[in-house]
Amino acid sequence: MTETQAEPTLVLDKQAAPPEQPGRAALSAVLRAPIQARTWKELAYLITAFVLGCLAVCYLFFGFGGGLYASIFLVGIPLLALVLLGGRVWGQMYRALCRVLLDTPVEAPPAFARQRGLFGFLKSAFTDRAGWRATLFLLAQVVLGVAIGYLALIVVAMVVFIAISPIPWALFDPVNVDENGVERHSLMQFGSFYVDSWPRVLGVAALGVVGCFALPWLVRGICHLHRLLAVWLLAATVRDRQLVELRASRRAAVEDAAATLRRVERDLHDGTQARLVTIAMALGRAEERIAAGGDATDLIADAHAGSKEALTELRELVRGIHPPALELGLGPALETLTARSAVPVELRVHLPQRPSPAIEAIAYFSVAELLTNVVKHAHADRAWVSVLPDSLRTIAVTVRDNGIGGVLPPSESAQAGGSGLAGLAARARAVDGTLTVHSPTGGPTVVTILLPKGDPQ
């Protein structure tokens, strides 16, 4: 075997462009601001918010005012509930505006959960936090969207008019009469100062043009306040997200339990029950043969062999529900599991504090399914499993292989029709855990599951 000396190759990188100076960058941003799409979209938002704010004032005044007045006759109580729920509709409109015109997606709160009956509906409406927060948002729009928005739009109109003032001054020939009765060709005046000559008109117009370059920053500042207000009052709160995740985890836990029960029922029906029926039939035939004075040794031997096979199947079934090795702890259970793996597995377990039984079961079955995936799909010749503390309250279960990689994340796997990783992720979320996958094409594949040490609160 000979080695060939490769000739050195000189690679010349393209000369990097010199960094733009801060002052020049700021000047460029100011000059581009009036013609940027962002400026016009935010101006459109201010106009729309002003119009909607005026409508919201009428909605709040007549809705709450009429509801409070009609509540004397008890009819206004459902009306007030509907007004509160109507805040959700307003919130939906403003979230759409933020997404389209402000390029700020706002996560929607959970849907309204209505209880049964009239009193249940009223209780749900008056305790709906999203409805109250949306109503508070509408009240804030009275100030931010109507009052401040009106002043901002007036400033925009005045600055733009001043910038184009030479055009109406030349076309329409406006005339103002001063205090001495002298007619002046002036479009505007400031006290005794009349803009009645080209130098003065162009000078004032130049001030308007300069103001046009400053207007976008005024509009952006006000729209930034709108963004903050929308995210604060119209977006889903941390409590809302936790509630949605809790409902999803409960649903996943229920579905997982139902699937386990169906599997156990199917295994018992198709396996153990069929063998027990066969044993009963063999014993019945043996009893008949003995009663007739014949030899039933072969039938009793078949029944004995069938009972052993039934016991083996029952052990495997019980191991699938709750492995007996878990009674000794997660470490011994994983040692037994990895020893039976078709791919050599290097195991590392270090748990100073033993997790709860539910967490141990989830970790065990997750490792079992991941090792099964390694054997079936990864084309790997080695795997590594580690269970280590991640923090004071969590443990990290990691399964790594040297296979071909390319494993899809749980969300994409579920969309592609796979359910393995998606099911493991749902099982982890049921106890406030997480599952992450790192699997570039060509490998290696690393699946990490973070689980709490104790049962979720």
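Explain nothing, just compute: Karplus ³J(HN,Hα) = 6.51 cos²θ - 1.76 cosθ + 1.60, θ = phi - 60°, for every residue of the stretch 125-142 in order, whole Hz, x for Gly and Pro.
Using θ = phi - 60°, the values come out as 5, 6, 10, 7, 5, 5, x, 5, 5, 5, 5, 4, 5, 5, 4, 5, 5, 4 Hz.
Pop out the carbon and sulfur fraction of the accessible area of the stretch 158-236 as a percent, whole number, probe 1.4 Å.
Of the solvent-accessible surface of the stretch 158-236, carbon and sulfur hold 71 percent.
At 0.36 nm per residue, and after removing the present C-alpha to C-alpha distance, how many nm does the segment from residue 35 to residue 308 gain when stretched out fully?
89.9 nm
Computed on alpha carbon atoms, what radius of gyration and Dmax characterise the stretch 9-160, expressed in Å?
Computed over the Cα atoms of the stretch 9-160, radius of gyration and Dmax are 23.5, 92 Å.
Please give me the summed charge of the neighbours of residue 100: other residues whose Cβ is under 15 Å from its Cβ, Lys and Arg +1, Asp and Glu -1.
+3
Provide the per-residue ³J(HN,Hα) series for the stretch 341-358, in order, calculated from phi with Karplus coefficients 6.51, -1.76, 1.60 and θ = phi - 60°, each as a whole number of Hz, with x at glycine and proline positions.
Using θ = phi - 60°, the values come out as 6, 6, 9, x, 10, 9, 10, 9, 10, 9, 10, x, 10, 6, x, 5, x, 5 Hz.
Quick one: net charge around residue 109, please, counting Lys, Arg +1 and Asp, Glu -1 for every other residue with C-beta under 11 Å from its C-beta.
Here the count lands on +3.
The values are calculated or read from the model by the stated rules, or taken from the named source; none is laboratory data. Everything quoted here is computed from the prediction, not taken from an experiment. Methodologically, a virtual Cβ is constructed for each residue, glycine included, from the backbone with ideal geometry; neighbour enumeration extends over all protein chains shown. For accessibility, only protein heavy atoms count, side chains too; no ligands or nucleic acids. Shrake-Rupley method; radii C 1.70, N 1.55, O 1.52, S 1.80 Å.
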